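This report concerns only the one structure given below.
What follows is calculated from the coordinates using simple rules that are stated; it is not laboratory data. What you see is a predicted model; the values in this text were computed from it and never measured. Neighbour counts are summed over all protein chains in view; Cβ atoms, including those assigned to glycine, are modelled from backbone coordinates with ideal geometry.
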């Protein structure tokens, strides 16, 4: 897939650079070492993987926005069929190397993983009712600009999940931004801008990272996140607060456990 041809309304230039830049993938795992948010995601993900394993199913697990494969390894180790989807080829190459290292000595016919470079709005290649468990972690959902595009992706998740299948999705908390210098001012300006510009939603922001400038990320209020999930046809079973490592009362974000009913 040529990501330069993708809709610029959904994928801003900074995010395209993020997906294409090899240095982002090369340093990604090190950047998350000791990260409390990533650790929270992983613990919760593994709990759901264990529950699925206890059911004794020959299950299929999908990670939407799999990056370098943090969530794929634990699913692969439990013997599930694993599908990793990401728009970054450098990330997917690193994920593949890690999975291949795990598979050393295992016959090719026994390798049960598939990695696909794909826009999350282009999932027609996935079969209906094909997944038992899916995840979308570390605010990958927030990297999709505009609610209409997020809604399209979430409806595709519903299509792909089996009835009763679970979906874990992580989103950043809009109000957590208030604890940073200039955060309260940003919240006010973001709200005002969303009222006067049809190309801007409350919670949109652009930040410079080590290797990429102008990376887009949308943050949610809890109610807005729930509304988007329900509007797509998902049933919310539980919402887990991601605690702030500095013991702030406002959670950094949430992981929602949704099911297809």
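Using the Cβ-Cβ distance between residue 193 and residue 117 with R0 = 30 Å, the FRET efficiency computed as 1/(1 + (r/R0)^6) comes to roughly 0.35. Taking every DSSP beta bridge with both residues inside the chain, roughly what % is antiparallel (nearest 5)? Approximately 50 percent, going by the DSSP bridge assignments.
Enter the angle in degrees (range 0 to 90, nearest 10) between the Cα long axis of helix 22-32 and the first principal axis of the Cα atoms of the chain, meaning the one along which they spread out most. The helix 22-32 is inclined about 90 degrees to the chain. Let a ≥ b ≥ c be the square roots of the eigenvalues of the Cα gyration tensor of the range 149-261; is it rounded (a/c under 1.5), or, if not, prolate (a/b larger than b/c) or oblate? It is prolate, given that a/c is not under 1.5 and a/b is the larger ratio. Its DSSP H runs of at least 4 residues, each contributing -39,500 (n - 2.57), put the calculated 222 nm mean residue ellipticity of the chain at -11500 deg cm²/dmol, to the nearest 500.
Looking only at 163, 43, 121, which one moves most when the chain is put into a Gaussian network model with springs between Cα atoms under 10 Å? Top of the fluctuation ranking is 43. Between 45, 125, 186, the GNM of the chain built on Cα springs shorter than 10 angstrom shows 125 fluctuating the most.
With R₀ set to 45 Å, the beta-carbon distance separating residue 184 from residue 125 gives a calculated FRET efficiency near 0.55. Does the range 167-206 come out rounded, prolate or oblate, given a ≥ b ≥ c as the square roots of the eigenvalues of its C-alpha gyration tensor, rounded meaning a/c under 1.5 and, failing that, prolate meaning a/b above b/c? Judged from the Cα gyration tensor, the range 167-206 comes out oblate (a/c at least 1.5, b/c at or above a/b). The alpha carbon gyration tensor of the range 22-116 gives principal lengths a ≥ b ≥ c with a/c of 1.5 or higher and a/b no greater than b/c, which makes the shape oblate. Take every DSSP beta bridge whose two residues both sit in the range 104-231; close to 40 percent of them are antiparallel.
Annotation: Cα Rg of the chain relative to the compact-globule expectation 2.2 N^0.38 Å equals 0.99.
If you take the Cα centroid of the range 32-64 and the Cα centroid of the range 148-191, the two points sit 19 Å apart. Note on residue 21 and residue 93: the extension gain reaches 24.7 nm, defined as 0.36 nm multiplied by sequence separation minus the Cα-Cα distance.
Between 54, 129, 151, the Gaussian network model of the chain with springs among Cα atoms under 10 angstrom shows the greatest mean-square fluctuation at 54. Report the far tail of the P(r) of the range 82-160, meaning the percent of Cα-Cα pairs longer than 20 Å. Across the range 82-160, Cα pairs with separations above 20 Å total 40 percent.
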